[in-house]
1. Two decimals is fine: what's Rg over Rh for segment 231-337, C-alpha atoms, Kirkwood radius as Rh?
2. DSSP beta bridges in the chain, what fraction antiparallel, as a percent rounded to 5?
3. Quick one: of the DSSP bridges fully inside segment 154-355, what percent are antiparallel, nearest 5?
4. With the cut-off at 19 Å, report for segment 276-346 the share of all Cα pairs above it, as a whole percent.
5. Starting from the Cα gyration tensor of segment 163-268, multiply each eigenvalue by 5, take the square root, and state the resulting semi-axes largest first in whole Å.
6. What ranking of R344, R145, R16 emerges when the number of other C-beta atoms within 10 Å of each C-beta is taken as an exposure proxy, fewest first?
7. Using every pair of alpha-carbon atoms in the chain, split the distances into 20 Å bins beginning at 0 and state the percent of pairs per bin, rounded to integers.
8. Within the set K107/K144; K168/K351; K168/K220, which residue pairs have Cα atoms separated by over 20 Å?
Amino acid sequence: MKKIRVLVVDDSALMRKVLKTILEKDPDIEVVGAARDGEDSLIKARDLRPDVLTMDINMPGMDGLTALQYIISESICPVIMVSSLTAEGAVATFEALELGAFDYVLKPGGTISLNLNVVEKEIISKVKLAAKSGILKRITKMNKRTVVKINNYDSLKDKYSTEEPSKKAVVIGISTGGPQTLAEVIPQLPPDLDASLFIVQHMPANFTASFAKRLNSNSKIKIKEAEAGDIARKHNGYLARGGYHLLLRKIRESDIRIRLSTIPLHLFIPSVSVMMDSVLKVYGRKIVGVLMTGMGSDGADAMLNIRKAGGRTIAESEETAIVFGMPQEAIKNGGAEIISPSYRIAEEIVKAVKSL
């Protein structure tokens, strides 16, 4: 069986050595080279043509973001960013994802992390996922469709600003490949969307506030990181906070509020399934469930519950899903009523909300 060939890029010789040791613990992976900065990574990537490249962000000379753009534009291989678990690291990581990085792994101990073994399984699993056939092609296609720019939608948001509680809900579940896909879908939603929007993106606690602000900057509806006690309102979107499940409680018909909890225990916190089931209990059939790119099956059973209750459900098609795991499971179990490529999902959401 052919091994997955990986090029490791980091300005620290120690980090290059640690990453090589971790990756080669898996018999299916071979580290074919190491580079000390962005320029060095380009020379070696063009020469070695690896299957996957791990890229540090902050490096002297040509940084990781610049090198990433060359590697993706030349369709060399998928890139996994290795970044710091900080607010600054979050911003740079989102920029990398928008530029075409496949995914990211966080250094738990900062720039020089001697405890990378904590994320050993994550690094190996993401490298294996990135090496799968067709990944680079789907990333490249998405980059051509999505031009990420910060727009001023304040006037639209003010025009449709409302204190009116919502009577309908849209719930979106997404994981690997999610930031790029949400950056494509969310800006297409109209400012007068007649529903509250609830989003679970599997993401660390330190990242969700920055990501919510980034989505809000490019969205016609208001997007914020969910806080305990927030009232669910029309034309507003709530991104689940990392480390907490997003739950709802109904005070009275016109007062639906967000609750944050670490219970129930789940592989993912926040969990798509937990969020969707909670929203379903409050909104009943007046709900649109959406499941997009991601590894695993989180949300698949909840999508089926929504469909059985009379709500509408949409799953991203294999055509555009960077990782066709979560939506595929919803399709397999009958939980997906509509199957659509990512670039049409916003349109499908609007139609589904109107039909409720």
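The numbers here are math on the coordinates, done by the rules we state, and not lab data. All of these numbers come straight from a predicted model, not from anything done at the bench. Here Cβ is always computed from backbone atoms with ideal geometry, including for glycine, and neighbour counts include all displayed protein chains.
1. My calculation of the ratio gives 0.97.
2. In the chain, approximately 15 percent of DSSP beta bridges are antiparallel ones.
3. Here the antiparallel bridges make up roughly 25 percent for segment 154-355.
4. Roughly 25 percent, once rounded to a whole number.
5. So the equivalent ellipsoid measures 20, 19, 11 Å along its semi-axes.
6. Fewest-to-most Cβ neighbours within 10 Å comes out as R145, R344, R16.
7. P(r) for the chain, in whole percents per bin: 31, 55, 13, 0.
8. Flagged as over cut-off: K107/K144.
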